[in-house]
Every structure is written in C-alpha cells, then in structure tokens.
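Have a look at the structure below before the remarks.
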Amino acid sequence: ETHEQITESFGLGLDPTSTVDKSLSPLTSPPRTPPPSSTQLSPTSTILPPLPPLPTSSEVHLSSQKLLRVQGEVDELRRLVQKEQILLEQEQLLVLEETTRLKAIMSQVEQLHGEIEEINRAFGIERVHIFRSNFRLEAHRISLLQQLQFVFPIKLIPIDIPQNISSFASSANVSTTNRTVPQYTIAGVPLPNDVHSPSVADDQVSSALGFTCHMVALTSKYLGISMRYPIVCKFSRSAILDNEQRRIISGNGNGHKTTYAVYPLFRERVVEREQLDRGCELLNRNVECLL
C-alpha cells in the first residue's frame with residue numbers, strides 16, 4: 001500500500017518527499033534533509049519533471065487498435081498512390097503518343113502549306129500568262145476586224161435611182177428622172193433596202209448578199225461567237241441553213257442522215273420570193289447574235 005500511495009503521489013503530481021504515514025509500512029526511509037536553498041544549489045544541478053502516468057491495458061489495447069487502423073489507412077493510401085502512379089504513367093504514354101502524332105500532323109500541315117504556296121505561285125504565273133494571252137488575242141481580234149473592215153467597208157452614200165414620170169397629155173411621151181436616196185454599200189456594191197426592187201440588177205443583189213455573208217461568217221469566227229444558222233459562203237451564190245427545219249432520213253444500213261432546209265441568198269429567176277425573204281431573215285438573226 002505504501003508503494004501504491006507513492007505511485008499515486010507521483011501520478012497526482014505530489015512531492016514524493018512529502019510525509020507518509022510510517023506506521024503503515026514496515027520500511028523506514030532515512031530522514032530527508034530539506035532542499036538546499038538557491039544559494040546552496042550547484043550550477044549543474046537540474047530539477048526533473050514529473051513522470052507521466054503509465055498506460056493501462058485498455059489504453060494499450062485502444063492504442064494498438066488505432067495503430068492497426070492507421071496502418072490499414074496508410075496501406076490503402078499507398079495502394080491508391082500506386083494505382084494513381086500507374087494511371088499517370090499510362091496517361092503520360094498516351095500524351096507522348098498524341099504528341100508524336102500531332103508532330104507528324106504538323107509536319108504534314110507544313111508540307112501542305114508549302115505545296116499550297118507553290119500552287120498559288122504557279123497559279124499567279126499562269127494567271128499572268130492567261131492575262132497576257134487574252135490581251136494578245138484581243139489585240140489580234142481587233143487587228144483582224146480592222147482588216148475585215150478594210151476588205152469589206154460598209155458606207156452610207158447617196159445613190160441616184162431612176163424614176164419614170166408619165167405625161168398626162170400623151171401616154172407616148174415618157175420622161176425619166178433620178179431620185180437620190182441614202183443607201184448602204186459593202187465593198188463598193190450597193191445593198192438595196194428591197195432585194196426585190198426591179199431597179200437593181202440580180203447580179204448586184206447577189207454580190208452584195210454574198211459579201212455580207214462572207215463578212216458575217218468571218219466576224220463570227222474572229223469573235224469566237226457561234227452563229228445560230230450556218231452560212232454557206234459561195235460569193236454571189238451563198239446560202240443559209242435553217243436548223244429549226246430539219247429532217248432525219250434513215251439510210252439503208254448506213255445509219256441516219258439529217259437534212260436541213262436551205263434558203264438562197266441570191267436573186268435569180270428560179271429563186272422564189274418567199275425563199276429569198278426567209279434567207280434574208282435568218283441572216284439578220286445571225287447579225288443580231290453578233291451584236
């Protein structure tokens with residue numbers, strides 16, 4: 001009991017040198033001298049702190065359980081850290097692969113940019129060449145049209161047309177007068193407003209229409225404009241084809257043939273008036289296409 005009292009006195013922070021009932025213990029302690037004063041303590045002497053209480057078995061059990069729980073949590077955290085490290089390594093590999101793929105794509109893009117620049121440069125050069133070619137072609141067209149104008153000049157000049165005036169006094173007395181009217185000429189040949197006028201000879205009308213057909217055909221060729229109705233140029237015996245009036249004739253084993261209506265562009269006795277009018281109408285449509 002004296003030992004337990006001493007232990008409790010240490011645990012409660014009591015001074016172990018305090019007085020204890022000596023009758024309760026057979027042991028006797030030697031008389032203690034009073035603690036030396038501050039003047040008597042040596043410089044090297046220290047005061048020890050009180051000892052902590054000893055843990056009980058329940059506290060030891062609880063501490064061991066806490067330690068096991070903490071150890072389990074540490075192991076779980078280590079397992080999670082290892083798992084995260086594995087995932088991180090996998091993600092790093094994926095990032096490395098994506099980086100390599102992006103670098104390859106960037107190199108391809110740079111190569112494509114270089115090719116595009118070369119194509120644009122070549123396109124610019126070709127564009128300049130095309131512009132120069134078009135300019136030369138236009139200049140050549142103008143030169144050809146000027147030559148054509150020189151070969152087939154079209155002018156508006158006054159022409160005297162004879163006119164018969166009968167006398168009222170006597171039917172036998174007939175006087176002739178000339179009437180001046182403006183009229184177009186092509187290559188010096190008058191082109192009458194009325195191709196059926198009896199005052200104009202057949203050869204003159206045929207020649208004027210032949211010159212007109214030749215000039216229209218060459219103008220269409222120089223300008224690169226297709227005519228709606230093809231022209232057959234044969235000078236004073238020219239003709240024009242009507243695509244709208246065509247027939248398909250089946251041959252004997254040789255396929256099919258297409259025939260077109262042909263209208264004359266000359267005046268003769270054998271030429272009907274309606275056919276010549278139709279040919280002049282189609283020629284006027286070709287001129288409208290060129291304009």
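What ranking of 276, 62 comes out by heavy-atom accessible area, probe 1.4 Å, highest first? Could you put the intermediate results ahead of the total?
Details: 276 0, 62 95 Å².
Output order, biggest surface exposure first: 62, 276.
So, counting K/R as plus one and D/E as minus one, what does the shell of residues with Cβ under 13 Å around residue 68 add up to? Around residue 68, the surrounding residues sum to -1. Compute the length gained on full extension between residue 137 and residue 149: take 0.36 nm times their separation in residues and subtract their Cα-Cα distance, giving the result in nm to one decimal. Extending this stretch completely gives an extra 2.5 nm.
With a sphere of radius 13 Å drawn around the Cβ of residue 284, what net charge do the other residues whose Cβ falls strictly inside it have (Lys, Arg +1; Asp, Glu -1)? Mind dumping the intermediate values first?
On the way: positive: 228, 278, 285; negative: 277, 281, 288.
Computed value for this residue: 0.
When the surface is traced with a 1.4 Å probe over the full set of protein chains, residue 180 keeps roughly 90 Å² accessible. Note on residue 54 and residue 122: the model spin-label points, each 7 Å out from Cα along the C-beta direction, lie 10.0 nm apart. Summarising the label geometry, the points placed 7 Å from Cα in the beta-carbon direction at residue 237 and residue 204 lie 2.3 nm from one another. If you plug the beta carbon distance of residue 86 and residue 63 into 1/(1 + (r/R0)^6) with R0 = 45 Å, you get a FRET efficiency near 0.85. The listed residues 211, 123 rank as 123, 211 when sorted by accessible area, largest first, using a 1.4 Å probe.
Computed on protein heavy atoms with a 1.4 Å probe, the accessible areas place 67, 290, 54 in the order 54, 67, 290, largest first.
Overall form of segment 183-229: prolate. Here a/c, set by the Cα gyration tensor axes a ≥ b ≥ c, is 1.5 or more, and a/b is the larger of a/b and b/c. Each of the peptides 229-237, 213-221 was scored by the mean count of other Cβ atoms within 10 Å over its residues; in descending order, highest first, they stand as 213-221, 229-237.
The values are calculated or read from the model by the stated rules, or taken from the named source; none is laboratory data. Remember, it's a predicted structure, so these values are computed and weren't measured experimentally. Counting neighbours? That spans all protein chains shown, and the Cβs are built from the backbone with ideal geometry, glycine included. Surface areas here come from the heavy atoms of the whole protein model, side chains and all, with no ligands, DNA or RNA. Shrake-Rupley method; radii C 1.70, N 1.55, O 1.52, S 1.80 Å.
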